[in-house]
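Each remark here refers to the structure printed beneath this line.
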Amino acid sequence: MAHMRARLPVLPKTTDSGVVYVVKCNDAYKIVFTRKGLKRRVRSAGGELVLTIPVKQQPSQLEYLLNQRFAAKRLPDYRDNDGGRREWFALDSDDLQWLSGLAAYLS
């Protein structure tokens, strides 16, 4: 009986890169991702760009994880449009420092 080697599945290569970014508007922070058009997206959020985290694969996954991490700080009544019920948070300086550290680690 010949010994058979197990083969790992071949995963498709992806070009699903993008950027997770943080926008500040008044005292609220939006955590969101885009694959293109960052300047336009920041403008439409009506705030100032605070931080960007370039992501080589699946930026939506990182955005999701960050939204989960800061879920207790979510501002569900901040805005009804543009993902407002789930993407705006009351972050503090420690949160922003943590996000900056993450951006440095991933770059």
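FYI, it's all coordinate maths here, none of it is from the lab. Being a predicted model, the structure only gives us computed values, none of them experimental. Heads up, the Cβs are rebuilt from the backbone with ideal geometry, glycines too, and the neighbour counts pull from every protein chain shown.
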When you count, for each residue, the other Cβ atoms within 10 Å and take the mean per peptide, how do 16-29, 52-65 rank with the highest first?
-> 16-29, 52-65
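Charges at C-beta only: +1 for Lys and Arg, -1 for Asp and Glu. How large is the resulting dipole of the range 12-80 about its Cα centre, in Debye rounded to 20?
Details: 14 positive and 6 negative charges, 57 e Å.
Around 280 debye, computed over the range 12-80.
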Using Cα pairs closer than 8 Å and at least 6 residues apart in sequence, work out the relative contact order for the range 10-71, in percent.
-> 42 percent
Distance from the Cα centre of the range 27-58 to that of the range 87-107, in angstrom?
-> 13 Å
